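Heads up: the structure comes next, in structure tokens.
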Amino acid sequence: MTKAQLRELLVSNPHDATQWIKAAAEADISPAQIVWGQLLLDGTRIARDPAAAFVWFERAARSGDPDGQNMVGRCYEQGWGVEPNPKLATEFFELAAAAGHVWAQVNLAQMLMRGGNPADRPRSFELFRAAAEGGTSKANLKAMNSLARFLEEGWVVPADPERALHWYRRAAVLGDHWAQYNLATILLGGGDLSAADAWLERAVAGSDDGFRRRIAPLLLARSEPAIRRHGLEALKRVAASGRAADVVAYASAVGEAATTGSQREPAKRHSEQPATETHPAEPRYRLTSIGGRLVGILSCRFEAISRRIARPSNATSAYSEGAL
């Protein structure tokens, strides 16, 4: 069975499938080893054990499975069950990328960029380009956004705003939230507030809390009320998780939004390149009755603020299909 079939089986019959996947992994079936390792890494239906997950990924990698090689690279990159080791991470990404593994191509390109050596940029550019042109999976979309950034900044080839816009828009249409955010910022810079507003709404609604935490302060720093509204919405969605720091951040932002006359510096746009800093794990708190009421009250205040913000209308997009 393929990994996709194993995961489908896991969804349809989780109790039995977990045991079958473990048995198949022990029988040296590499797709099962990778799925079993992912279950251990995530703590899905079993106790979380990153060290054991690494062992299973490594077993699959030793058999020559590119998925296993890529996951071993990720473990060394992120420190999942093993000490972080960028050199080994790069080596395993190289192995999988040579076999045509798209995620490994993207991960390798990012590792090269993170290394900071300008001589590695042409290789990163080619890896992103190849992955961007290869399909429409999540890995392909990530590559599209990174390729667009290269083209926008002129890091390897001369800056090409039209081609950058093409790749941002292609990934955005296919649902990549970083591309939606970057596209919105370009449109905003061109004066198309209506189109930027629509893309930001999609980015905030369809993303994850990590993304929302990163873009919220950037959106709240904008001078346009309609754009700041998306920053508040991002924090509102994050605060629903019940994490104390998120509830406090949302409360602070709502209080600031209620004031008038504040001036904000324009925000700088972030690329899809992964953040170099790491955030210490913070405990998650279940919302107490008081915390729940607080979020509810803040949400009401946010809705009142949003109603006072006039949404842009009767504006057309600054880009055309011909330019893409």
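The values are calculated or read from the model by the stated rules, or taken from the named source; none is laboratory data. Worth saying up front: this structure is predicted, and the values here are computed from it rather than measured. With ideal geometry, Cβ positions are generated from the backbone for all residues, glycine too; neighbour counts draw on all protein chains shown. Quick note on the areas: whole protein, heavy atoms, side chains included, nothing else; ligands and nucleic acids left out. Shrake-Rupley method; radii C 1.70, N 1.55, O 1.52, S 1.80 Å.
Excluding ligands and nucleic acids, what accessible area in Å² is computed for I46 using a 1.4 Å probe, to the nearest 10? For I46, solvent-accessible area is about 40 Å².
Express in nm, to one decimal, how much length is gained between A98 and A205 on full extension, taking 0.36 nm for each residue of separation and deducting their alpha carbon distance.
Working: separation 107, 0.36 × 107 = 38.52 nm, distance 3.60 nm.
Additional length available on full extension: 34.9 nm.
Prolate is the label for the range 147-221, because a/c, from the alpha-carbon gyration tensor with a ≥ b ≥ c as root eigenvalues, is 1.5 or above and a/b exceeds b/c. Solvent-accessible area of H166, all protein chains in place: 40 Å² (probe radius 1.4 Å, heavy atoms, ligands and nucleic acids excluded).
At a threshold of 8 angstrom on Cα-Cα distance, excluding pairs fewer than six apart, so keeping six or more, what relative contact order does the range 128-196 reach in percent?
Numbers: 86 pairs, mean separation 14.8, N = 69.
So the answer I get is 21 percent.
Rounded, prolate or oblate: pick one for the range 11-89, where a ≥ b ≥ c are the square roots of the eigenvalues of its C-alpha gyration tensor, a/c under 1.5 means rounded, and failing that, prolate if a/b is larger than b/c, else oblate. Oblate is the answer for the range 11-89, as a/c is 1.5 or above yet b/c matches or exceeds a/b.
Each residue of the range 28-42 is assigned a 3J(HN,Hα), and the resulting list reads 6, 8, 4, x, 5, 4, 6, 5, 5, x, 5, 4, 5, 5, 8 Hz, derived from the Karplus form 6.51 cos²θ - 1.76 cosθ + 1.60 (θ = phi - 60°), x at Gly and Pro.
Per residue, the solvent-accessible area of the range 108-221 (1.4 Å probe, heavy atoms of protein chains only, all protein chains present) comes to 39 Å².
Does the range 40-139 come out rounded, prolate or oblate, given a ≥ b ≥ c as the square roots of the eigenvalues of its C-alpha gyration tensor, rounded meaning a/c under 1.5 and, failing that, prolate meaning a/b above b/c? Write out the running numbers ahead of the final one.
Details: a/c = 2.08, a/b = 1.63, b/c = 1.28.
Prolate is the answer for the range 40-139, as a/c is 1.5 or above and a/b outweighs b/c.
Here the accessible area is traced with a 1.4 Å probe on the protein chains. For the range 91-201, carbon and sulfur cover 53 percent of it.
Projecting the Cα atoms of A139, W56, A24 onto the dipole axis of the range 23-154, where Lys and Arg carry +1 and Asp and Glu carry -1 at the beta carbon, places A139 farthest toward the positive end.
Filter the cross-link list K22/K138; K138/K236; K22/K142; K87/K236 down to pairs whose alpha-carbon distance in this structure exceeds 29 Å. Beyond 29 Å between Cα atoms: K22/K142; K87/K236.
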